[in-house]
Structure formats: C-alpha cells, structure tokens
Amino acid sequence: MLLIGFFVLAGAVAHLGFGDASSVLDSYSGASSLFTEKVIRRGDTDRGTLVIIAIHGEIGGNGSNLEGTGALGAVSEQLRAAAENDEVKAVILQIDSPGGGLTASDILYNEIMKVRGKGKIVVAWGGSLMASGSYYAAAAADGIMASPTTIVGSIGVIMQRFQVDGLMKMLGLKVDPIMSGSGKDMGSPFRDMTPEERAIFQNHVDNAHRRFIEIVAKGRGRPEAEIEKLADGRIFTADACLQNGLIDKIGYMDEAIAWTEELAESRNMRIITYRRVFSFADILSDTRRGVADLAGRWLSGAHPRMAAEWTGE
C-alpha cells in the first residue's frame with residue numbers, strides 16, 4: 001500500500017507540473033497564497049484585469065463556499081479571489097456543464113452575486129453545454145452569451161432514487177427498520193413510496209423549481225410567467241434562447257471578451273486564469289476527500305437527492 005501511495009503522489013506531482021519548475025515559472029506569476037495566475041493576454045495593466053473562471057463538468061461537492069470540495073469549493077475559491085482583488089475589473093464564467101447539485105448551484109449563484117456586489121462585471125459564456133444548475137448560476141451574471149452551437153436551458157429540478165426491493169427479494173434479503181416515526185425512512189430504496197410520501201417529495205421539488213424560476217426571471221429581467229412557460233426542463237438551441245430572452249448574445253470567446261470589456265468600460269485589459277497552489281499536504285487531503293466524495297456519491301445513490309441537472313446526455 002505504501003508503494004502504491006508513493007506512485008499516486010508522484011503521478012499527482014508530475015501532473016501538476018512540479019517536475020518542471022522552469023516551465024511553471026515561465027507561465028505563471030504570483031497571485032495569492034491560494035492561486036497563481038496564468039496570463040492569457042498581457043494587455044495594459046493600467047486598464048485592470050479580467051479573470052476567466054471555468055465551470056466545467058458536474059456542479060457538485062460537499063461543504064460550503066468557504067471550505068468545500070469539487071466544483072463547489074474550487075469555483076467558490078476563485079470567485080472569492082476575484083472579488084477581493086482590487087485589480088480585477090471583470091470576470092468571465094466559461095461554462096461547459098450539465099448542472100448538478102441544487103445547493104451547490106445555488107451557492108455558486110450567491111458567490112457570483114457577491115462578485116458583482118464589489119462593482120465588478122460578470123459575463124457568462126457557454127461552451128457546448130450550459131444547462132440546468134449551470135444556467136442557474138449564470139443567471140447571476142450581468143450578461144449571458146452562448147456559442148452558436150451551445151445547448152442551453154433545462155430549467156427545472158429533479159429528484160431521483162433507486163429502488164432495490166426486487167433485487168433484495170431475489171437474494172432472500174429484507175430490511176426491517178425500527179423507527180421513531182413513520183416518516184423516518186421516507187424515500188427508502190427498499191420499499192415503494194406511499195402516496196403521502198410522494199406528495200411531500202413533490203412539494204419539495206415544486207418549491208425548488210419555483211425558486212429556480214424566480215432566480216432566472218430576476219437575472220434576465222423577465223416576468224416570471226414568461227420564464228415559467230420555458231421551465232419544463234427542455235433544452236434550447238442558442239438561437240431559440242436568444243429569441244426567448246434566456247441569453248443576450250451569440251458569439252465565441254473572443255467576442256465574449258470584447259463584450260465584457262465594453263461593459264466594464266475598459267479596453268485591452270490583462271486577462272488571466274487562476275491555478276490552485278498545492279502543497280503535499282493539499283494533495284494528501286484532496287486525495288482523501290476525493291475518495292470520500294466518490295464513496296459518498298455511490299452511497300447517496302440510495303437516497304433521494306434534489307438536483308438541477310440535465311440528465312439527457
């Protein structure tokens with residue numbers, strides 16, 4: 001086990017680039033104790049800095065915006081760094097995500113609002129996919145742009161659960177819970193839900209869906225009734241989104257940069273991305289938390305979980 005652990009650490013270090021210190025120093029300049037900065041365009045430093053922050057893959061993780069894992073922790077840290085840096089005038093959210101956990105998406109939405117609260121411009125740009133929870137987060141931006149082929153939308157909330165009582169019966173196994181109340185095992189994968197339990201879960205989903213609609217309506221400056229007509233979980237092309245007011249523009253990243261600079265009233269800004277600074281302790285900690293997250297996700301499949309995620313890929 002020790003030998004395997006050594007090779008895992010060595011591989012992680014090589015992947016992070018510690019094996020070639022000169023290349024790291026050539027590409028990055030110091031940003032903070034948490035991040036280094038990769039310079040995308042040197043620009044005019046007197047015009048301020050534009051930070052590109054990626055939201056890629058499923059929006060998940062445990063914890064909070066202050067100490068979280070997965071996309072929840074990584075994106076929150078970068079948004080906080082941008083918010084606290086006086087040199088940063090604008091942020092572009094580079095999104096390619098089907099969404100994910102409802103709470104994680106909501107926390108990112110709140111963190112983006114904090115960046116705007118510091119007087120900085122935030123623009124969301126969608127790559128191949130900006131759906132459900134990632135669109136929820138994007139609704140906090142000053143403006144939203146999608147590439148011509150971006151899939152956008154899937155405004156809605158879903159709660160899924162496994163049911164394994166048939167398999168348990170085949171195996172000759174059963175679960176016999178001793179509970180303090182009749183609702184303690186609501187959503188159990190080992191039995192059918194009662195109509196009353198299903199109604200309770202549906203009420204939770206409906207309430208979350210209403211909040212999603214309110215968030216989008218507020219962000220897009222549209223009546224809730226208009227957004228509600230579009231919020232049945234379906235996906236849209238970029239053209240359809242533009243017609244329905246779900247996005248402001250269609251274009252590529254260079255056009256998103258030009259638009260962001262226009263909104264920030266500052267041309268030729270310095271453009272950077274953040275890269276996390278890792279120590280060996282961080283690698284050990286993140287590996288441990290990553291394994292725990294994987295185990296937790298596997299185990300949580302047995303329990304209902306509300307998600308703002310497009311599941312049609």
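Any read-out appearing in this document is the output of simple, stated calculations on the displayed coordinates, not a laboratory observation. The model shown is predicted, which means the values in this text are computed figures rather than measured ones. In this analysis, Cβ positions are derived from the backbone assuming ideal geometry, glycine residues included, and neighbour counts consider all displayed protein chains.
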How much length is gained if the chain between LYS184 and LYS249 is pulled fully straight, taking 0.36 nm per residue apart and subtracting their Cα-Cα distance, in nm to one decimal? 18.6 nm
Can you tell me the relative contact order of segment 21-309? Whole percent, Cα pairs under 8 Å, sequence separation 6 or more. 27 percent
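For GLU214 and ARG80, what is the calculated FRET efficiency with R₀ set at 25 Å and r taken between the beta-carbons, to the nearest 0.05? The partial results should precede the final answer.
Details: r = 25 Å, r/R0 = 1.00.
Plugging the Cβ-Cβ distance into 1/(1 + (r/R0)^6) gives 0.50.
Give me PHE212, PHE162 sorted ascending by neighbouring Cβ count inside 10 Å, so fewest comes first. Walk me through the numbers before you get to the answer.
Numbers: PHE212 24, PHE162 11.
Fewest to most other Cβ atoms nearby, the residues stand as PHE162, PHE212.
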Can you list the HN-Hα couplings for segment 261-267, worked out from phi with the Karplus curve (6.51, -1.76, 1.60; θ = phi - 60°), rounded to whole Hz and with x for Gly and Pro? 5, 5, 5, 7, 6, 8, 8
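Taking the Cα centre of segment 21-309 as the origin, how large is its charge dipole in debye, to the nearest 20, when only Lys and Arg (+1) and Asp and Glu (-1) carry charge on their Cβ atoms?
Working: 32 positive and 37 negative charges, 62 e Å.
Computed about the Cα centre, the dipole is about 300 debye.
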Starting from the Cα of ALA199, step 7 Å along the direction of its Cβ; do the same at THR45; then give the gap between the two resulting points in nm. 6.6 nm
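Per the Kirkwood formula on distinct C-alpha pairs, the Rh of segment 128-174 is how many angstrom? Walk me through the numbers on the way to the answer.
Values: mean 1/r = 0.0721 Å⁻¹.
Averaging 1/r across every pair of different Cα atoms and inverting gives 13.9 Å.
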